[in-house]
C-alpha cells in the first residue's frame, strides 16, 4: 500500500523491483492469453465439425458454423499478436534488467578500483621502486663486505720468507718419515721367528760365567 502510495505521488521506486513486478505481471497475462487461445481453438474445432456435419443436409447451419469459426479464428489471430507483443516486452525487460545489474556490478568494481588507486600514482610507484632497488643494492654491498676475507690486513708478508719456511717444514717431514722407516719391524713369512746370531765374545762370557757357577756348587 505504501509503495503504491509513493508511486502515485512520484516517489522513488526501486528499478530492479519495478522491473521484476512488470515481468511477473506480463507473464500472468501471457498465461491468461494461452488459456483463452485453448478455449478458442476448441470452439474453432467444434464449429468446423458442425459445418462438416451440415454441409450436405443443412447448408444454412453449415454456413453459420463457418462464420462463427471465422470469428473465432480472427480473435485467435488478435490474441496471438497480443501474446507476441507481451513476450517481446518480457524479453526486453529481462534483457534490460540483466544489463542494469551488469552495469551496477561494473560500476561497483570501478569504484573499488578507484579506491585502491586513490593513494597511488606513477610517480609514487617509481619512487618506491627506486628506493627498493637502492636499499637492495646497499644490502648486497654490506653482505659482500661482511663475507669477504680479511687477507693481509695490517700485515706485511714476504713471499720469499713464506716459501723458505714451507721448504723447511717439508724437509723436516721427510726426515721424520725416513727415521720412522729405519725402525719398521721385519716381517717373517710363515710365522717363523729367526733369532739374531749373538756375537762370539758374548757367548764366551756366558760360558765362563756358567763354569764358575758350577765350580762354586761343587765346592760346597
How high is the FRET efficiency from residue 46 to residue 84, r the C-beta distance, R0 30 Å, rounded to 0.05?
0.70
If I take R0 = 45 Å and measure r between the Cβ atoms of residue 143 and residue 91 in this structure, what FRET efficiency does the formula 1/(1 + (r/R0)^6) give, to the nearest 0.05?
0.05
Could you give the Stokes-Einstein D for region 21-129 in µm² per second, using the C-alpha Kirkwood radius, 25 °C, 0.890 mPa s?
129 µm²/s
Rounded to the nearest 0.05, what FRET efficiency do residue 129 and residue 101 have when you use their Cβ-Cβ distance and R0 = 41 Å?
0.55
Spin-label point model (7 Å from Cα, Cβ direction): what's the residue 121 to residue 38 distance in nm?
7.0 nm
Length added when fully stretched, residue 162-residue 176, from 0.36 nm per residue minus Cα-Cα:
2.9 nm
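None of the figures in this text is laboratory data; all of them are computed from the coordinates on show. Treat the numbers as computed from the prediction; the structure is a model and nothing was measured. Quick reminder, even Gly has a Cβ in these numbers, built from the backbone with ideal geometry, and neighbours come from all protein chains shown.
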